[in-house]
1. Of the residues Leu348, Leu363, Leu344, only one is under 20 Å from Thr403 (Cβ atoms) and open to solvent by less than 10 Å² (accessible area, probe 1.4 Å); which?
2. Right, Leu25: modelled with pLDDT under 50 and over 16 Å from Asn67 (Cβ atoms) or not?
3. How many residues does region 305-317 contain that are within 25 Å of Ile404 (Cβ to Cβ) and either assigned to a loop (DSSP other than H, G, I, E, B) or free of Cβ contacts under 8 Å to residues at least 60 places away in the same chain (or both)?
4. Which one of the conditions (1) modelled with pLDDT under 95; (2) under 12 Å from the mean Cα position of the chain (by Cα) does Thr275 fail to meet, given that it meets all the rest?
5. So is Val230 under 13 Å from Ala342 (Cβ atoms) and either crowded, with 20+ Cβ neighbours inside 10 Å or among the polar types (S, T, N, Q) (or both) or not?
6. Of the numbered conditions (1) part of a helix (DSSP H, G or I); (2) closer than 20 Å to Leu323 by Cβ; (3) open to solvent by 10 Å² or more (accessible area, probe 1.4 Å); (4) among the β-branched types (Val, Ile, Thr), Val180 fails exactly one; give the number of that condition.
7. Could we say that Gly445 is modelled with pLDDT of 95 or more, on the phi > 0 side of the Ramachandran plot and open to solvent by less than 30 Å² (accessible area, probe 1.4 Å) here?
8. For region 246-283, how many residues meet the condition of being farther than 16 Å from Ala131 by Cβ, in a loop (DSSP other than H, G, I, E, B) and of a type outside the set (D, E, K, R)?
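The values are calculated or read from the model by the stated rules, or taken from the named source; none is laboratory data. Small disclaimer: the values here were computed from a predicted structure and weren't measured. No Cβ is skipped: glycine too gets one built from the backbone with ideal geometry, and neighbour counts run over all protein chains shown. Calculation scope for accessible area: heavy atoms of the full protein, side chains included, ligands and nucleic acids excluded. Shrake-Rupley method; radii C 1.70, N 1.55, O 1.52, S 1.80 Å.
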Amino acid sequence: MKATTMGWILSLLLSASISNAGEFLVKYKNMTALNKMASMQTEAMGLEMKDIHRPGRLVMVSIAKKNEAKTIAALYADKNIEYVVSNFKIRAYSAPVDAKALKDQYALTKVNAEAAWKRAGNKGNRSVILAVIDTGVDYTHPNLSPNMIPGFDFKDNDADPMDMTGSANPGHGTHCAGIVGATGLVDGGIQGMSPEVSIMPLRFLGADGSGDLNNAIKAIDFAIEKHVAVISASWGATVPEATAKPLIEAIQRADAAGIIFVTAAANDGKNNDNTGVYPANSGTANMMVVAASNSTDAKPSWSNYGKAKVSLAAPGDAIISTLPGNKYDSLSGTSMATPLVAGLVAFLKAQDATLTGAEIRSLMQVTGAKVQIETACNCRVDALAAVDTLISKSAWVVPAAATIAEKATLQFAMKNSAGAVRFESSNPSVATIDANGLLTGMTKGTVIVKATDAAGKTVQSLDINIGTVASTQPGNPGNPGNPGQPGNPGECPLGSPELCQILCTIIPTAPWCAAP
């Protein structure tokens, strides 16, 4: 069995405990694979085709528990099938409620929103469409309804993405939507970061705050089909990269469509550089991964962080916003920091619709306020500084901050340059950069890239890290390691150790498996 296949099998093992019972996503290469799966819908194989998502070439199947090992092995054996992953559970990222006074919107004050709106001469533009992919949105909320446009409910497969509350969902999606774009036109209400914007609610998380991989992917592809400009995604799961492959591919499709994807770092208090959190760790060019800050610009203990994997920070602690039923309350989490950044992206896109995800991410990083929160820029967003740089047509380096492996390359550019640009590395022994801005990592270390245009204008990057980044934050969980072997109390009777590993996950009491 090929090493890559073995990796997918191991990821299947690791995620089996969090998957929907017996549900898997199968990526097919062609119609032959579909025909094969159709032929496997027998009692002997226990497979049922439940859903086909053609943009991702994915089929959701359920497999009877007693048939899982041999049926999954049969799927892997088909050269017309690319991979099989668990249809794992995805949850909204929320932290404990911390009630605050209704009008206490410290977050907007902290990021200089009012001054930013004044500098731009507007509060956004409804031509910018932002998809809130979440638990749905109460689109009848008076402080949201003027900015709402039709969306879809992938949880119940209908055109009504109303936010359904429950013990695990106080109105997560509605709260996120208010942070993005509450109008501020209601007495006693609040304003979002971009009070003039078009919000498309896409529901795939239920009243219990959870959903699955299949519907998350369908929501992303719907947003692509509807030509949104920005996606706000305050959810995720801790799974191996191979298990998250179809989700990463969906975000790559969004990148190809020019959509900026803003997502939460998670609320485990861990370093994402060492923790497999998705979609946060997808690493696509269009992504911004957001950590949370509080009213004193410190990191709340629950916010994840990471120099290599987390882009920047934004207020996410005790954030007042809209809730279903014309209500308001305070919630905390990287879930709240994410829509603030997504709203700022929408606001900046209203000033310049041509901006790419990489350009806006770099702009926010070079103009961010310096804070002691470990991210790529060690910064918290500043809306005024970002929009002023944009409107003034000041130059900045793209990317502004990054971490790459030794011997890897990274392309640099100077935004708003005049004529030819000359690039320099602060330490060529660590990384070199050629005349076209292509940087090559040489050895472990950190460099700064300086760019000078034909008019003599010079700007420089933040830290460009080559190799592993040492954490400065407490509570670094370290490398989670590998899953280990199933043990060998008895001989594998199947002629395939890999298949026995699968079977030990499904039937841990099998005689050749390690004792629990």
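1. Leu363
2. So Leu25 fails the test.
3. Of the residues in region 305-317, 6 are within 25 Å of Ile404 (Cβ to Cβ) and either assigned to a loop (DSSP other than H, G, I, E, B) or free of Cβ contacts under 8 Å to residues at least 60 places away in the same chain (or both).
4. Only one criterion is unmet by Thr275, namely (2).
5. Answer is yes for this residue.
6. (3)
7. Yes; evaluated as a whole, the condition is true for this residue.
8. Selection size over region 246-283: 7.
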